[in-house]
1. Starting at the first residue of the range 243-250, write each ³J(HN,Hα) from the Karplus equation 6.51 cos²θ - 1.76 cosθ + 1.60 with θ = phi - 60°, in whole Hz, x for Gly and Pro.
2. What's the magnitude of the charge dipole for the range 14-295 around its Cα centre, counting Lys and Arg as +1 and Asp and Glu as -1 at the beta-carbon? Answer in Debye, nearest 20.
3. Below 8 Å, C-alpha to C-alpha, sequence gap of six or more: please give me the relative contact order for the chain in percent.
4. Could you go through the range 180-191 in sequence order and give the Karplus-derived ³J(HN,Hα) for each residue, using 6.51 cos²θ - 1.76 cosθ + 1.60 with θ = phi - 60°, rounded to whole Hz, and x for Gly and Pro?
5. Please list the non-local residues whose amide H lies under 5 Å from the amide H of Ala75, H modeled 1.01 Å from N, same-chain partners needing a gap of 5 or more.
6. Go ahead and set up a Gaussian network model of the chain, Cα springs under 10 Å, then flag whichever of Gly174, Gly136, Gly243 fluctuates most.
7. Which three semi-axes in whole Å describe the equivalent ellipsoid of the range 199-288, each the square root of 5 times a Cα gyration tensor eigenvalue, listed largest first?
8. Can you sort Leu128, Leu196 by how many other beta carbons sit within 10 Å, fewest first?
Amino acid sequence: MTTAIKTAVKDLKGRLDDKVCIVTGAGSGIGFESAVLFASQGARVVCADIDLTAAQKTVERIKDVIGPIHLSKHAIAIKVDVAKEEDVRHLVENTVKSFGRLDVIFNNAGIMHPHDEGVNTDEKVWDLTMNINLKGVWWGCKYAIEQFKKQDKDKAKKSGGSIINTASFVGLIGSATPCIAYTASKGAVIALSRELAVTHARDGIRVNALCPGPLNTPLLQTFLDTEEKKQRRLVHVPIGRFGEAIEQAYAALFLASDESSFVTGVDFKVDGGLTAAYVTPEGSAAITSPKPFYKAEKEKK
Ligand SMILES: NC(=O)c1ccc[n+]([C@@H]2O[C@H](COP(=O)([O-])OP(=O)(O)OC[C@H]3O[C@@H](n4cnc5c(N)ncnc54)[C@H](O)[C@@H]3O)[C@@H](O)[C@H]2O)c1
């Protein structure tokens, strides 16, 4: 190994050293795995969720993974309903009060409503979905950008702030099992992220949309309660299995870190090849799912 590569590999340990990161939806799934992973890479993490107990559990698990630390210096939990402007404004204000600055916001909280269907979807379901999945991302971007512009840039690392917005593969391709409000909200998150990326590129602020494929998290799996429903989806995934939340968290880690300093305005697909496929391969998946990060770390201890 060359010295340069050795140094790079060593540096990869603290990939978010000294960065202050907000993760919304940190109580479960992608948000949970990301909050723990970010903290393990040196970030100070604000675990934000509408379910405060779940966010507090995430903070406890961060302690399990990074060892005996003064937790309030590394991770805190904040209750937030991302659909409410005041909540999101306070979230950013309290983050800055606690940790002095903000470097990354991962606008990840989202819902898929059980009565979100085709064109006959109830207006209340439409509005709720849009308020959380789209307006919530807008508020997160708005208050993070305001804060990024107020504070000194991280000049050494050439970063003015990173925003990651969780969209979905359904924002890119259509589905015959419709969730019309969800799909429309995710398509809009992709468009909003792209526009903000261009608008704020010369402020040093990067904005990317994470587009997960179908995952093994409660959000999707509660709907897929029969083998037939699961297979109806899996036939479209070239890799041949559902994704894991940790596989999204690793992508978010890259987008949050300065390793992605030239990446902005991207629909970052982490979807097992789903959006690249016409005809998918037959047979079963060759590589099994990775373990969740928290579980893997606990087992090492
Ligand atoms: N699971 C999938 O297959 C899949 C695929 C593509 C995209 N996504 C997207 O990924 C993101 C995370 O999904 P997940 O699978 O980890 O879901 P999850 O249900 O496991 O976690 C979502 C978290 O968001 C929180 N939340 C819900 N409404 C909120 C609100 N108004 N304010 C604050 N927090 C709120 C929940 O309490 C929960 O902790 C979502 O935006 C989702 O749409 C998921």
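1. x, 10, 4, 5, 6, 6, 4, 5
2. Here the range 14-295 has a charge dipole of around 820 debye.
3. Result for the chain is 18 percent.
4. 5, 5, 4, 4, 5, 5, 6, x, 5, 4, 5, 5
5. Answer set, sorted by chain and number: Val45.
6. Comparing Gly174, Gly136, Gly243 in a Gaussian network model of the chain, the most mobile one is Gly174.
7. For the range 199-288, the semi-axes come out at 30, 14, 11 Å.
8. Sorted ascending by nearby Cβ count, the order is Leu128, Leu196.
No value in this document is a laboratory result; all are computed from the given coordinates. Remember, it's a predicted structure, so these values are computed and weren't measured experimentally. In this analysis, Cβ positions are derived from the backbone assuming ideal geometry, glycine residues included, and neighbour counts consider all displayed protein chains.
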